[in-house]
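The values are calculated or read from the model by the stated rules, or taken from the named source; none is laboratory data. Because the structure is a prediction, the values reported are computed rather than measured. Cβ sites come from the backbone with ideal geometry, for glycine too, and all protein chains shown count toward neighbours.
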Amino acid sequence: MEWESSITDAGMLDGLVEDFLQGFLRDDVRLEGGLATLSRQLGAENGQLVIRQGDTGTPLLRYIHGVPDDYHLINSYDSEYCAQDPFLAPLWMPENLDRLFWADLNEQDGADTAGAGAVAFFDAYRKAGWRYMLSCAFYNKDGRLGYLRFLRAASAGPFDRDRAGPLPYFLPKLATAYGLRETFSQVYAALEPHLLQSSDEATGIVYFDAERRSVLLNDHARRIFASMDGLYHKAGAVTAGGWEETQAIGKLITTAIATARDPHSLPSRSELTIARPSGRAPYLLQAVPVIIRNRFTDENGIVAALRIVDQEEQDLSATSQAYRLTAAETRLAQYLISGMPPKEVARQTGLSIHTIRTQQRGLYRKLGVSRHYDLLMRLAPNRIK
């Protein structure tokens with residue numbers, strides 16, 4: 001199967017786009033396979049997919065197909081020649097996105113390049129046996145450059161321009177695929193520390209399957225629902241005190257699930273606030289598509305997560321660190337702040353009332369307080385009416 005100057009097999013191209021999309025999101029092997037397919041279609045002996053940082057040129061990601069024992073060249077290129085690569089400068093220009101750049105390395109010399117570094121760049125590639133280069137950029141955002149580079153030796157002849165005809169169709173889709181990776185990487189940077197964590201985390205997490213049913217909750221989410229202060233969990237659904245707020249939560253989760261099931265468009269930031277009847281600071285709810293980490297989706301069918309952020313709890317976490325409270329003391333402080341008496345805390349935790357009283361004395365001593373009112377003043381002044 002070969003490409004022609006016009007796109008005659010869109011299905012094949014769409015399959016290749018899917019390889020890159022799923023490769024960026026889930027499976028590097030599939031991405032590398034897509035790169036190998038693309039290299040073969042172009043008749044390239046060497047194919048590289050590179051994401052570079054703009055200010056330093058440092059490679060953030062690189063996938064390579066068909067490298068004949070020249071990793072030393074790649075390493076030296078990164079350390080010595082990257083900043084002098086004369087072919088990167090035009091790729092940075094927004095107007096050149098999706099354009100194809102052809103080069104015959106034998107026709108380049110010091111007269112039309114930028115300095116001795118560029119001369120060394122050409123010499124290194126020529127010594128490695130490469131002569132013809134095809135380059136194109138597919139991503140130019142946030143100080144990063146993504147590009148494809150294909151190489152052929154002199155004995156193979158120049159690239160066939162007809163074969164490369166469909167690349168301009170393919171490049172924007174590749175940009176979207178990488179953009180998805182960036183978006184979900186940022187999401188997971190915020191979400192991952194809270195995934196399936198202990199009850200000491202200050203963020204409640206509820207996981208949903210494709211039918212919008214909750215299938216897993218962390219301990220903090222259970223405590224939030226048990227407080228019955230604006231958020232509720234019943235029959236696999238998360239609801240609020242009012243109809244409109246409940247509908248908004250459902251829409252938030254539905255959008256995250258739709259994105260997870262069909263991740264071909266970039267999701268927007270999805271969050272809302274839910275007021276509490278007690279008058280305390282509202283909850284912040286964030287819906288997150290879960291599509292990258294298969295270990296969280298295979299067994300339970302998880303496709304989305306709802307983060308419930310309690311600013312007061314985050315403040316308590318910071319205070320706990322400042323006063324060097326133990327995990328048990330922090331947990332006790334949470335119960336006491338909520339108004340739960342020590343005997344009920346003992347029942348909830350399964351500990352003896354003697355243990356709870358001992359923890360309470362240690363907590364008061366570290367905080368420098370002697371009564372419940374002072375505890376509230378120290379840790380949750382907004383709870384004092």
* To do: For S320, work out the one condition from (1) modelled with pLDDT under 80; (2) buried (at least 17 other Cβ atoms within 10 Å of the Cβ); (3) assigned by TED's automatic domain parsing to the domain that holds E211 it doesn't fulfil.
  => (3)
* Subset tally (residues that are of a type in the set (A, V, I, L, M, F, W, C), modelled with pLDDT of 60 or more and farther than 15 Å from A304 by Cα) for the stretch 171-192 -> 5
* Structure fact -> Expected output for the stretch 329-341 (first residue outside any loop (DSSP other than H, G, I, E, B), partner modelled with pLDDT under 85 and among the basic types (K, R), Cβ below 9 Å, 6+ apart or cross-chain) is Q334/R223; Y335/R223; I337/R383
* Every pair of residues 6+ apart whose Cβ atoms lie under 8 Å, when the first sits in the stretch 278-290 and is in contact (Cβ under 8 Å) with a residue 40 or more places away in the chain while the second is assigned to a loop (DSSP other than H, G, I, E, B) and aliphatic (A, V, I, L, M) -> P282/A275; P289/V303; V290/I302; V290/V303
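Which residue is surrounded by the fewest Cβ atoms within 10 Å (Cβ to Cβ), if the candidates are limited to the stretch 137-157 and must be among the charged types (D, E, K, R) and assigned to a strand (DSSP E or B)?
K141
Any residue at all in the stretch 294-312 that is closer than 30 Å to L376 by Cβ, part of a helix (DSSP H, G or I) and at pLDDT below 80?
Of the stretch 294-312, the ones closer than 30 Å to L376 by Cβ are 306-312.
Cutting the leftovers down to part of a helix (DSSP H, G or I) gives us 311-312.
Narrowing further to those that are at pLDDT below 80: 311-312.
There is at least one residue in the stretch 294-312 that is closer than 30 Å to L376 by Cβ, part of a helix (DSSP H, G or I) and at pLDDT below 80.
Find the helices (runs of 4 or more DSSP H) located wholly in the stretch 7-115 whose residues include 1 or more that are assigned by TED's automatic domain parsing to the domain that holds Y178 and modelled with pLDDT of 75 or more, and list them.
Values: elements: 10-25, 28-42, 71-76, 88-92.
Filter on the stretch 7-115 gives 10-25, 28-42, 88-92.
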